[in-house]
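To start, the structure under review is shown below, and the notes come after it.
All of the numbers you see were taken from the coordinates with simple rules; none came from a lab. Keep in mind that what you see is a predicted model, and the values were worked out from it rather than measured. Quick reminder, even Gly has a Cβ in these numbers, built from the backbone with ideal geometry, and neighbours come from all protein chains shown.
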């Protein structure tokens, strides 16, 4: 397993956001995490990446305990992430934004620029490389957020609602893009509210509710789980084939 959380707990004062959560993510897969707002999905990402300290339990990455490491140390080990709300450097170009993230790997400005262009080509954003971020669309900013995460050369990529706010056609393009990134060398964990995205991309899905895992299985089994339907999906998915 590339990532494991062991009896993970995160409390904010008297509120428990993650409650004894244990997950295992197999290398080379796409793993989905779903649940209602406030169920702990983004909090889990923040614990894995060192943004929040763990209250109890631990996180292991490639068999190494990474609990308590700083975000930059975890990024250096090979975990990259996106954020729900992109916050790029708007006075810099698209290319320069990606270059910032590559310096965790690049040893020179020339190498950083080369890496950044390759990533922009890979996600089909190279035509906007010299454009100021202030002048690009939401769709482009979402792709840029992904590009910046890829700039750290992760072996595990955490995607936090990268399709929120996109039109249906833009969502379709984003799904195709994420599929193109899937290789045996890159494992992906997806947090997303658009169920068709989760069902079309993921090998396994975990469902959170009030910080607890209430189900984990392959997509077809998850959408027919009565507890998942009650807590999150609704009757729309109960008869899904």
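Overview of results
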| read-out | value |
| --- | --- |
| Value of relative contact order over the chain, rounded to a whole percent, pairs C-alpha under 8 Å and six or more apart | 26 percent |
| The chain: angle of helix 109-122 to the longest principal axis, Cα-based, in degrees nearest 10 | 60 degrees |
| Cα long-axis angle, helix 138-150 against the chain (0 to 90 degrees, to the nearest 10) | 90 degrees |
| Cβ-based exposure ranking for 193, 72, in which fewest neighbours within 10 Å come first | 72, 193 |
| Region 71-121 shape via C-alpha gyration tensor axes, a/c threshold 1.5 | oblate |
| Relative contact order, percent, region 140-241 [alpha-carbon distance under 8 Å, six or more residues apart] | 18 percent |
| Sequence ranges 27-35, 117-125, ranked by mean other-Cβ count within 10 angstrom, highest first | 27-35, 117-125 |
| Cα centroid separation, region 141-185 to region 1-77 (Å) | 20 Å |
| Packing-based ranking, highest mean first, of 216-227, 194-205 given that Cβ atoms within 10 Å are counted | 194-205, 216-227 |
| Among beta bridges that DSSP assigns inside the chain, antiparallel share in %, nearest 5 | 55 percent |
| At q = 0.18 Å⁻¹, base-10 log of I(q)/I(0) for region 1-55 (Debye sum, equal scatterers on each alpha carbon) | -0.61 |
| Computed [θ] at 222 nm, helices only, for the chain once each DSSP H run of length n ≥ 4 contributes -39500 (n - 2.57) | -9000 deg cm²/dmol |
| 0 to 90° range, to nearest 10: angle between helix 168-181 axis and the chain longest Cα axis | 80 degrees |
| Rounded, prolate or oblate (a/c below 1.5 giving rounded, otherwise prolate when a/b exceeds b/c) for region 31-145 by Cα gyration tensor | oblate |
